[in-house]
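S.K.: Would you mind keeping the following structure in view while I ask a few things?
The values are calculated or read from the model by the stated rules, or taken from the named source; none is laboratory data. Nothing here was measured: the structure is a model prediction, and the numbers come from that model. Ideal geometry is used to build each Cβ from the backbone, glycine not excepted, and the neighbour counts take in all protein chains shown. Ligands, DNA and RNA are stripped out before the accessible areas are found, and what is left, the full protein with its side chains, is counted by its heavy atoms. Shrake-Rupley method; radii C 1.70, N 1.55, O 1.52, S 1.80 Å.
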Amino acid sequence: MQYQHLFFDLDHTLWDFDTNSKEALQDLYQIHQLNEKGISDFDVFFERYSFHNHLLWERYAKGLIKQDELRWKRMYLAMLDFKLANEKLARSMGIDFLDILPNKNKVFPYTHEILEYLTGKGYVLHLITNGFEKVQQHKLVQSNMDHFFNEMITSEVSNSLKPHKEIFDFALSKTGAVPKHSIMIGDNLDADIQGGINAGLDTVFVNHLNTTPHIQPTYTVYHLQELEQIF
């Protein structure tokens, strides 16, 4: 086999982050009775949360903010769009969100089947994720994926973030893999594909959203089952 070690991204590639986060935020909306605090439309609130979360993750990836600020400020800024300025509530929601979110277990179609197929063929599977260690581990357990992966490399433990080369170097060192026999599989062109290229890895772009890539991966798939055509 050309490849021995397959490095997967988790969120948006295997674990359906958008569906799971919307469900978790809907739970928070009910728990904290946001409809009684001037936030009458959950869908608009989720849109504003998603907008601010994306921007804050970009700042976090650049090292401009810390984890704690990301966790509560995405709630605070979303509420602020409804003229609700309550930092105490935002911090409480930030904590509750990370308690609820990892218990959600929606994955993309054919996730378990493709992981079973790949392990059955003798590939060694790992994860490289920009998520938080305990949260990501809990997601894997709740979605029944933990037994497929030998190692999970997080930004928290590696002290680096995709697409920086350091997190990939850390992953290669920890797993004993070498670039020419390794491949990065993910949905994010900038973090996963460019990051993999930076580290000298071949790459698979999991194009769930059927977007036009601005970076050229080694392979592109539009459904996880198509990985069977590569491996």
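S.K.: Could you state how much accessible area Thr119 has, in square angstrom rounded to the nearest 10, with a 1.4 Å probe and all protein chains kept in place?
M.R.: Here the accessible area works out near 50 Å².
S.K.: Now for a separate question. Among all lysine pairs in region 117-231 that are eight or more places apart or on different chains, how many have alpha carbons less than 26 angstrom apart?
M.R.: Lysine pairs meeting the criterion: 13.
S.K.: Same structure again: Restricting to Cα pairs below 8 Å that are 6+ residues apart, what does the relative contact order work out to for region 33-111? Please round to a whole percent. Present the calculation step by step, with values, prior to reporting the outcome.
M.R.: Numbers: 51 pairs, mean separation 20.3, N = 79.
Normalised by residue count, the contact order of region 33-111 is 26 percent.
S.K.: Can you give the accessible area per residue of the chain, in Å², using a 1.4 Å probe? Please report the intermediate quantities before stating the final value.
M.R.: Numbers: 10970 Å² over 231 residues.
Here the residues of the chain average 47 Å² of exposed surface.
S.K.: On a 1.4 Å probe surface of the protein chains, which of Glu226, Glu156, Glu116 comes out largest in accessible area, and what is the full order? Before the final figure, lay out the partial values.
M.R.: Numbers: Glu226 55, Glu156 80, Glu116 110 Å².
Sorted descending by solvent-accessible area, the residues read Glu116, Glu156, Glu226.
S.K.: What does the charge count around Phe205 come to, taking other residues whose C-beta lies under 9 Å from its C-beta (Lys +1, Arg +1, Asp -1, Glu -1)?
M.R.: Details: positive: none; negative: Asp187, Asp192.
Residues close to Phe205 contribute a combined charge of -2.
S.K.: Rg/Rh for the chain: what does it come to with C-alpha atoms and Rh from Kirkwood? Kindly include the intermediate steps, with their values, before the conclusion.
M.R.: On the way: Rg = 18.2 Å, Rh = 18.4 Å.
Dividing the radius of gyration by the Kirkwood radius yields 0.99.
S.K.: Still on this model: Compute the length gained on full extension between His54 and Leu98: take 0.36 nm times their separation in residues and subtract their Cα-Cα distance, giving the result in nm to one decimal. Could the numbers behind the result be given before it?
M.R.: On the way: separation 44, 0.36 × 44 = 15.84 nm, distance 1.63 nm.
The span from His54 to Leu98 would gain 14.2 nm if fully extended.
S.K.: Leaving ligands and nucleic acids out of the surface, order Tyr76, Tyr29 by accessible area at 1.4 Å, largest first. Please list the in-between numbers first.
M.R.: Values: Tyr76 50, Tyr29 15 Å².
Ranked list, largest accessible area first: Tyr76, Tyr29.
S.K.: Provide Trp72, Trp15 ordered by accessible surface of protein heavy atoms (probe 1.4 Å), highest first. Write out the running numbers ahead of the final one.
M.R.: On the way: Trp72 30, Trp15 0 Å².
The ordering from most to least exposed comes out as Trp72, Trp15.
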